[in-house]
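I have placed the structure first, in the form of structure tokens, so that the comments after it can refer back to it.
Just so you know, all these numbers are worked out from the coordinates, no wet-lab data involved. On a predicted model such as this, the values are computed, not experimentally measured, just so you know. In this analysis, Cβ positions are derived from the backbone assuming ideal geometry, glycine residues included, and neighbour counts consider all displayed protein chains.
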Amino acid sequence: MSDNNKFFTDIHEITDNTIEGILIIEDGFIKHVNRSLIDILCYEDEKELIGNLAIGILIPTSKEKFIEYNSKIFQEISLLNKNADVIPAIIKIKDININNVSYKMVSILDLTEIKKNEKIVLEQSKLAAMGEMVSIIAHQWRQPLSAVGSIITTLKLKYNLKRIDLNTYDEKLTQINNYVQYMSNTIDHFRDFLIKDSKKDLVKIEEVVNNSYSLIKNSFDILGIKVNINSKESLNKIYLHKNDLTQVILNILNNAKDALVLNNISNPQITINFSQKESSFQIIEIEDNAGGINLNIIDKIFNPYFSTKEKKNGTGLGLYICKMIVEKYLNGEISVKNKKNGTSFIIKLFIWNYDTFLIHFYNIIAQFSAEKIWKHSIEKKQY
């Protein structure tokens, strides 16, 4: 038995007892697959996979994503199983050499259960946000309802005193109609926020941010917090789940509001700017003048259960959920930094299109010796 065959015999005994999927590749072709990966991919036997191209089961993400698991850095990717279902996973690639033959050993961890747990956390956060939104709407409706009641009382009084004229009547009806329209818009925005996005919409991020702010504008006005939304640069429409972005924007704005109130800022302001980097990504920057975040904790604010608020006012999950949504559902990144007078949250949304897909697809191929795959296919055609 050659050393290489002995290696694969030995590796079978070792890897078949691991919970991680193991894939060994030579020149882009599958040479070995362990029992765990066979089960993950819903195959019956390794013979169905041996000799196939590795890129037939490995699907790149729209951009390279790396996450930490058990103190090791893994690349996020998707798997394609026998039934053509897409499975979320993370991989770690290691180069090995047996008798001057180069192989790549790919360790694969199925993230299906982890993703399910993340969705549960997201749904719980959505329910919490819904409760807060109901409270906000009740607050926002109080003033227009009071105004409508006052107008009706005025009309009734003028009618009884026979001092009403057609112009006054039309003016008061217009005021009532404006208040009713305002309340109707509030309900529409609230309904849109609650409806689960089944597909991505082609939207302008400025419009999503404006609609998000309109849901909570009244609470900011009452506190005298000025919110400046600058849409100087005309951005292209992009595909995204707008409700996910709404949830992120609401969370960051409410955090900024709490910080401004807590620090008793005399001229509280929040500024939102937009920009686009060629055709690669769009940026939303939300900046406040609340004094900034302590440098000792700024690196921890996206950690789960970490909060700068009192326990009764915060769960420590808000910014963690924002990070999860941005990275996993909005195809982006979120970061934070201190500026002169406050804090700036930067949301970077990558634009997912055919060109970027090809770039990342070829990057994956390159990891598995794409040049040798090409040469191999040419040689086969020549015979």
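Taken along the Cα-to-beta-carbon direction at a fixed 7 Å, the label points for residue 203 and residue 45 span 5.1 nm.
What distance in nm lies between label points placed 7 Å from Cα along the C-beta direction at residue 275 and residue 294? Between residue 275 and residue 294, the simple spin-label model gives 3.1 nm. When the Cα convex hull of segment 199-352 is projected onto planes of every orientation, the mean area is 9.1 nm². Measuring against 28 Å, Cα to Cα, the residue pairs 162/217; 115/348; 226/348; 116/300; 200/300 contain 162/217; 200/300 as the ones spanning a longer distance. Label positions at residue 80 and residue 93, each projected 7 Å from the Cα along the C-beta direction, are separated by 1.7 nm. With the highest mean first, a sort of the peptides 76-83, 95-102 on other beta-carbon atoms found within 10 angstrom per residue produces 76-83, 95-102.
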